[in-house]
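Only one structure is covered here, and it is reproduced in the block below.
The values are calculated or read from the model by the stated rules, or taken from the named source; none is laboratory data. It should be emphasised that the depicted structure is a prediction, and the values quoted were computed from it without experimental measurement. Heads up, the Cβs are rebuilt from the backbone with ideal geometry, glycines too, and the neighbour counts pull from every protein chain shown.
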Amino acid sequence: MSGAPGWYPDPGGQPDCYRYWDGERWSAQTTADPGGAAPQSMTAAAPAARPRAARWLITITVLAVAVAIAAVALQIRERHDQPVLFPDPTAGATRSPRADATPSGSPSPEPTARNIGCPEGAPDARAPHPADDRVYGGNLSFPRVAAFTPERSENRLTFAYDLTQQVRTVSLDPPWIAQLGVGRLIADGYPRDAEHTAEFVTECIVASELYEPYDPQRRDVVSRAIRVSGTDAWLLTTDVVVSVPQLGFAGDHLAVVVVPDGADWGLFFGAVPIGDRELTTTLTRTILSLRVG
């Protein structure tokens, strides 16, 4: 009902009986004298209806605030040095290197790291580093991760130097591991900009012995500039889907970070099963904790 507040004939039909309308609702009290004052309960408990224009103003203000909050949240996410590595953790599986699995079926004619032009390195050639609670390789380090093994070499990445990693078993049959590692790339043989170096190194990893027997397929997720200890760097993440039906997940989520090291490059690489929320969080935190020097 619309209309000015006042006493009106009882809408229930009682003869010679009036009920008060305050602009929004009827009073519980009735009267035989429609000239009297409004019931006290109506004036105390029921505020007058807001003008329609005021209600529209409130609605518009609320919507504007919601849009502004969403825009700020989006900007924060876009500016953050570390993007979400697994937008949909249930969509696939991430990679963990396999140290001794036997290929199923005949080897596919996929390119190897050598025949796509990846430089020859010496991953076991270690440089001096501090002995503390961080894992070091090249010019990079990250805090040692609990529930992963102590540092060890990864000599299947034949194009790198000074390479060390922590690993964690994620499958026993077939054997498969998650990895977090750092090392160095000698400038000769790599592009001179971080973006193309990250792309080249990612392709070298996918073509290496870690994946080459398993028909790996790349599905890139993120490729963007970040900063590590105030130094411009590049992050590339990709899902590496493999043909190992008994593995229990689709493959690996691989993250590569390259950071200038004079004329050379510092390298971080990490691989965890796609869909593993715990290891996804570990990978993200490790990238965020990378330090130059």
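Considering only residues that are part of a helix (DSSP H, G or I) and farther than 19 Å from D188 by Cα, which ones fall in segment 200-210? Passing the criteria: only V206.
Within segment 183-198, being of a type in the set (K, R) and in a loop (DSSP other than H, G, I, E, B) holds for one residue alone: R192. On the stretch given as segment 241-276, residues that are within 25 Å of D215 (Cα to Cα) and either of a type in the set (D, E) or not in a strand (DSSP E or B) (or both) total 13. With respect to A146, is the statement that it is of a type in the set (A, V, I, L, M, F, W, C), over 27 Å from Y214 (Cβ atoms) and in contact with a strand residue (DSSP E or B) (Cβ under 9 Å, 6 or more places away or on another chain) true? For A146, the condition - of a type in the set (A, V, I, L, M, F, W, C), over 27 Å from Y214 (Cβ atoms) and in contact with a strand residue (DSSP E or B) (Cβ under 9 Å, 6 or more places away or on another chain) - is not met. Restricting segment 211-240 to residues that are buried (at least 21 other Cβ atoms within 10 Å of the Cβ) and in a loop (DSSP other than H, G, I, E, B) leaves a set whose member that is modelled with the highest pLDDT is P216. Among the residues of this structure, G137 counts as one that is in contact (Cβ under 8 Å) with a residue 60 or more places away in the chain and either within 17 Å of R291 (Cα to Cα) or touching a Leu at 6+ places or on another chain (Cβ under 6 Å) (or both). Only a single criterion out of (1) free of Cβ contacts under 8 Å to residues at least 12 places away in the same chain; (2) out of contact with any helix residue (DSSP H, G or I) (no Cβ under 7 Å at 6 or more places or on another chain); (3) over 29 Å from A147 (Cβ atoms) is not satisfied by E195, namely (1). Listed by position, the strands (runs of 3 or more DSSP E) contained in segment 131-182 that have at least 1 residues being surrounded by fewer than 22 Cβ atoms within 10 Å (Cβ to Cβ) and more than 22 Å from the chain's Cα centre (by Cα) are 134-137, 161-172. Restricting segment 273-286 to residues that are more than 11 Å from V145 (Cβ to Cβ) and buried (at least 24 other Cβ atoms within 10 Å of the Cβ), the residue that is farthest from the chain's Cα centre (by Cα) is P273. The set of residues in segment 26-43 that are of a type in the set (V, I, T) and either modelled with pLDDT under 80 or outside the structural domain of P15 (by TED's automatic domain parsing) (or both) contains only T43. Of all residues in segment 171-182, one or more are modelled with pLDDT of 95 or more, among the small types (G, A, S) and in contact with a helix residue (DSSP H, G or I) (Cβ under 6 Å, 6 or more places away or on another chain).
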